[in-house]
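Only one structure is covered here, and it is reproduced in the block below.
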There are 2 protein chains.
Amino acid sequence: MIIIGEKINATRKAIAAALEARDAEHIVRTAREQAEAGADYVDVNGGDARSGREVENMAWLMDVVQATTDLPVAVDSADPAAARLGLKTAKRKPILNSISLESDRLAEGLAVAGEFDCMVVGLLMSDAGTPCGVDDRMANTRTLVEGLTGAGKKVDEIIIDPCFLPVSADAASGRAIVDAIAAIRREWPEIHIAGGLSNISYGLPQRRWVNLAALAACIFAGMDTAIVNPCAEGTMSMIHAAEAVAGRDEFCMNYVTKMR
Amino acid sequence: MIIIGEKINATRKAIAAALEARDAEHIVRTAREQAEAGADYVDVNGGDARSGREVENMAWLMDVVQATTDLPVAVDSADPAAARLGLKTAKRKPILNSISLESDRLAEGLAVAGEFDCMVVGLLMSDAGTPCGVDDRMANTRTLVEGLTGAGKKVDEIIIDPCFLPVSADAASGRAIVDAIAAIRREWPEIHIAGGLSNISYGLPQRRWVNLAALAACIFAGMDTAIVNPCAEGTMSMIHAAEAVAGRDEFCMNYVTKMR
């Protein structure tokens with residue numbers, strides 16, 4: 001599994017406050033605790049493009065995070081200028097998080113992805129909105145794979161985010177996403193599949209159990225990348241356990257090493 | 001989900017001691033705590049047939065358990081005399097746990113199952129041993145379903161236990177069992193599927209994470225009955241969450257009710 005630690009995100013109140021105050025210590029602590037919990041990448045999100053400070057925030061965050069950890073960074077911005085700045089200043093091969101099929105974003109997203117030696121998260125959102133079935137997710141994946149390989153990416157540099165929807169609103173949405181993950185995995189064995197999984201539990205009490213159940217089912221279906229808070233209780237344990245149950249951990253060597 | 005509380009089992013040291021001392025209070029407490037945690041049935045196992053006291057133990061346990069709870073009982077014995085006694089003294093429609101395909105057990109097991117108005121757990125073990133793939137589990141299920149319907153059972157009175165094997169010994173065993181559950185569910189939509197799930201984590205540290213991951217994957221594949229300790233941390237939460245993710249809980253009404 002590739003673990004992308006999601007905590008340094010300006011939509012979180014504590015991070016927004018740290019950004020506003022240029023509180024490097026808080027960012028350093030958040031980067032370190034994710035690295036210690038087992039993150040492979042540190043996601044870095046400097047806030048909404050409308051704030052007008054996203055490029056400046058991204059520059060500061062890249063400096064602070066890369067001064068404290070050797071982990072590579074997931075440059076998390078839909079703003080091409082902030083994304084380019086993050087990718088340019090990355091010391092190790094980064095992830096661009098994310099591009100989508102929406103027509104006002106696609107061309108520029110493909111251009112940015114093609115300019116740098118990076119992996120790229122492709123969100124399956126399009127002008128038709130968020131996909132909710134298997135067929136629309138497959139069609140959108142195909143369009144993204146064609147666009148990204150056309151821009152010079154290899155299939156194993158692409159991370160598909162299948163768009164998680166709340167099961168509280170539509171009981172069928174969990175099964176649709178797991179079936180879509182299985183179908184994408186069958187069609188593109190080398191592709192990565194991740195996602196902002198926690199949206200699945202939106203509106204429910206004790207959300208972590210729904211997140212953990214979805215994590216297990218998605219890993220079983222072929223998800224191999226997780227955009228998560230690795231410090232949240234049970235998250236890393238469930239990831240290692242689900243990999244063992246899914247047959248991706250011979251003799252459970254990784255599980256035993258990580259859990260002891 | 002049908003939850004069968006597994007704790008009153010003489011293979012557990014505390015239960016063996018309570019049986020030996022005829023400590024009714026311990027049995028009462030164990031029955032009640034499982035009922036409070038959400039069990040639908042209380043499993044009652046009076047020990048090894050070789051002890052010579054299994055019938056007598058079963059009689060005492062049935063008395064004590066049924067005096068303290070209105071929940072129906074899963075009569076857990078491979079010994080026909082103990083099983084018959086348990087089924088005969090059951091106040092509500094019980095479960096016979098279990099019969100198997102082993103030739104020294106099958107005919108008598110079918111006979112006992114046919115004599116009582118009960119549900120029955122069919123273990124997929126046969127003279128060939130424990131099944132480890134999908135095809136052998138399907139073949140064994142077919143034989144059991146034919147035998148049990150021949151003995152007068154309806155398909156929805158049958159609970160198939162697909163035989164969980166440790167993933168630490170064979171990394172492919174988790175996927176095989178989940179695929180078998182999905183195949184059995186497709187072929188017999190009304191059948192119940194359960195299992196002594198915790199065997200999957202045998203030999204591993206922090207076993208509960210592997211059990212919880214397997215529970216989520218199995219429920220997603222079509223398991224609808226769980227033979228578990230409902231008091232174990234996370235077990236009931238994971239069951240409710242996995243049902244929601246699997247699309248078996250419209251608007252998550254059950255999850256919300258149980259988790260609040």
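The values are calculated or read from the model by the stated rules, or taken from the named source; none is laboratory data. Remember, it's a predicted structure, so these values are computed and weren't measured experimentally. Every residue, glycine as well, gets a Cβ built from its backbone with ideal geometry; the counts of neighbours run over all protein chains shown. Just so you know, the surface numbers come from the protein's heavy atoms only, side chains and all, with ligands and any DNA or RNA stripped out. Shrake-Rupley method; radii C 1.70, N 1.55, O 1.52, S 1.80 Å.
I'd like to know which of B:G147, B:V178, B:C132 lies farthest towards the positive end of the charge dipole of segment B:93-259, counting +1 on Cβ of Lys and Arg and -1 on Cβ of Asp and Glu.
Final value for the positive-end residue is B:V178.
Measuring from centroid to centroid over Cα atoms, what is the spacing of segment A:185-213 and segment A:1-68 in Å?
22
When every alpha-carbon pair in segment B:93-259 is counted, what percent end up more than 20 Å apart?
For segment B:93-259, the share of Cα pairs beyond 20 Å comes to 52 percent.
Given 4 °C and 1.567 mPa s, compute D for segment A:38-91 with the Stokes-Einstein relation, Rh being the Kirkwood radius over Cα pairs; round to the nearest whole µm²/s.
Values: Rh = 11.0 Å.
Result for D is 118 µm²/s.
Between A:R32 and B:A128, what is the FRET efficiency for a Förster distance of 56 Å, r being their Cβ-Cβ separation, to the nearest 0.05?
According to the calculation, E is roughly 0.55.
Please work out the FRET efficiency for the pair B:N254 and A:R22, using the Cβ-Cβ distance as r and a Förster radius of 45 Å; give the result to the nearest 0.05. Mind dumping the intermediate values first?
Numbers: r = 47 Å, r/R0 = 1.05.
Between B:N254 and A:R22 the formula returns 0.45.
Determine the share of segment A:1-72's accessible area contributed by carbon and sulfur atoms, expressed in whole percent, with a 1.4 angstrom probe.
Numbers: 1590 of 3370 Å².
Exposed carbon and sulfur together represent 47 percent of the surface.
In debye to the nearest 20, how big a dipole does the protein assembly as shown give about its Cα centre with +1 on each Lys and Arg Cβ and -1 on each Asp and Glu Cβ?
Using Cβ point charges on Lys, Arg, Asp and Glu, the protein assembly as shown gives about 700 debye.
Using +1 on the beta carbon of Lys and Arg, -1 on that of Asp and Glu, and nothing else charged, what's the dipole of segment B:1-100 about the Cα centre, debye to 20?
180
How much net charge surrounds B:R248 when only other residues with a Cβ under 10 Å from its Cβ are counted (Lys, Arg +1; Asp, Glu -1)?
Working: positive: A:R175; negative: B:D224, B:E243, B:D249, B:E250.
The answer is -3.
Excluding same-chain residues fewer than 8 positions from A:K88, which aspartates and glutamates have a Cα within less than 18 Å of its Cα?
Those aspartates and glutamates meeting the cut-off are A:D43, A:E54, A:E56, A:D63, A:D70, A:D76, A:D79, A:E108, A:E115, A:D117, A:E157.
Kirkwood hydrodynamic radius (Cα pairs, Å) of the protein assembly as shown?
24.9
List the residues of segment A:234-252 whose accessible area drops by at least 40 Å² when all protein chains are present, compared with their chain alone, using a 1.4 Å probe and counting only protein heavy atoms.
At a threshold of 40 Å² (probe 1.4 Å), the residues of segment A:234-252 that become less exposed are A:M238, A:V245, A:F251, A:C252.
Taking amide hydrogens as modeled 1.01 Å from N in the peptide plane, which residues meet the under 5 Å criterion relative to B:N229, leaving out close sequence neighbours?
It is B:E6, by chain and number.
For segment B:1-72, what does the convex hull of the Cα positions come to per residue, in cubic angstrom?
81
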